[in-house]
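Working notes, beginning with the structure itself.
The values are calculated or read from the model by the stated rules, or taken from the named source; none is laboratory data. Here the structure is a predicted model, which means the values were calculated and not measured. Neighbour counts run over all protein chains shown; Cβ positions are idealised from the backbone, glycine included.
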Amino acid sequence: MNPLKSVNGAILTSLLLMAALSFALGGSGFSVQNLDRWLHIASGVTWVGLLYYFNVIQVPGLADAAADKGGPGGVGIGKYIVPRALFWFRWAAVATALSGIILIEFAFRPLGGGFMQVMALKEGFTVIGVGSWLGLIMAFNVWVLIWPNQKKVLGITPATDEQKATARNVALLASRTNFVLSLPMLMCMTGQSHGLPF
């Protein structure tokens, strides 16, 4: 069976290739910190990638589908694609936030900073602290504003047409807020160790 013909097979193949390359390239050896850093990056790529998909592809595409009289509409997307994408979106947000908190403890505790010092924007940890705050605000938006309102839009939670319209607007604005925050957040996350671009 070809592993590339299923999502699970492709994920497993990618993980095995990653492990093989790590050993072949003489990796630094297994450590929880290295694994957590990798998890933070991989889950963050998944989360932000889906955020960009929603804002750059899906929302404009569904608007075009709705405007296309006699066209296919967005029923299939709403029924089959959006729930699956939102599942990965919200759990990638959790994985990114939790692995980020753990990574801050591993990486910055020996330097005199831990999660609380980073979140308090203590000297030497301001850049990563701002990035962390932005990331946590984005995760909050996913779970408190986007997901509950998307459940109404998708019919998972009962709602009137008026409630669905309001929910659609709240979810869109929260998602667009996350979209706007994403580049500054990424800049601060990488800027702590690699410098700011300006």
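ALA65 falls short on exactly one of the conditions (1) among the aliphatic types (A, V, I, L, M); (2) touching a residue at least 40 places away in the same chain (Cβ under 8 Å); (3) touching a Pro at 6+ places or on another chain (Cβ under 7 Å), and that condition is (2). Tell me, please, whether a residue that is more than 24 Å from ALA93 (Cα to Cα) and hydroxyl-bearing (Ser, Thr, Tyr) can be found in segment 34-52. The answer is no, given that none of the residues of segment 34-52 is more than 24 Å from ALA93 (Cα to Cα) and hydroxyl-bearing (Ser, Thr, Tyr). Filtering segment 22-56 down to residues that are part of a helix (DSSP H, G or I) and at pLDDT below 90, which residue is farthest from ALA97 (Cα to Cα)? Looking at the filtered set, the residue picked out is ALA24. The condition (being modelled with pLDDT of 95 or more and loosely packed, with under 13 Cβ neighbours inside 10 Å) is satisfied by just one residue among VAL127, VAL144: VAL144. Looking only at residues of segment 85-114 that are modelled with pLDDT of 95 or more and not aliphatic (A, V, I, L, M), we find that the one that is surrounded by the fewest Cβ atoms within 10 Å (Cβ to Cβ) is PHE87. In segment 11-33, the residues that are touching a residue at least 60 places away in the same chain (Cβ under 8 Å) form no Cβ pair under 6 Å with any partner that is of a type in the set (Gly, Ala, Ser) and assigned to a helix (DSSP H, G or I), whether six or more places apart or across chains.
Annotation note: Cβ proximity below 6 Å between a residue of segment 183-197 that is closer than 23 Å to LEU51 by Cα and a residue that is surrounded by 11 or more Cβ atoms within 10 Å (Cβ to Cβ) and of a type in the set (Gly, Ala, Ser) (sequence gap 6+ or interchain) occurs for MET185/GLY131; MET185/GLY135; CYS188/GLY131; MET189/GLY131. Residue pairs whose Cβ atoms lie under 9 Å apart, separated by 6 or more positions or on different chains, with the first residue in segment 70-81 and among the small types (Gly, Ala, Ser) and the second surrounded by 11 or more Cβ atoms within 10 Å (Cβ to Cβ) and outside any helix (DSSP H, G or I), are GLY78/LEU154; GLY78/GLY155.
Of the listed requirements (1) farther than 22 Å from VAL48 by Cβ; (2) among the charged types (D, E, K, R); (3) at pLDDT 95 or above, ARG176 misses just one: (1).
Residue count for segment 22-49 under the criterion of being under 25 Å from the mean Cα position of the chain (by Cα) and hydrophobic (A, V, I, L, M, F, W, C): the result is 9.
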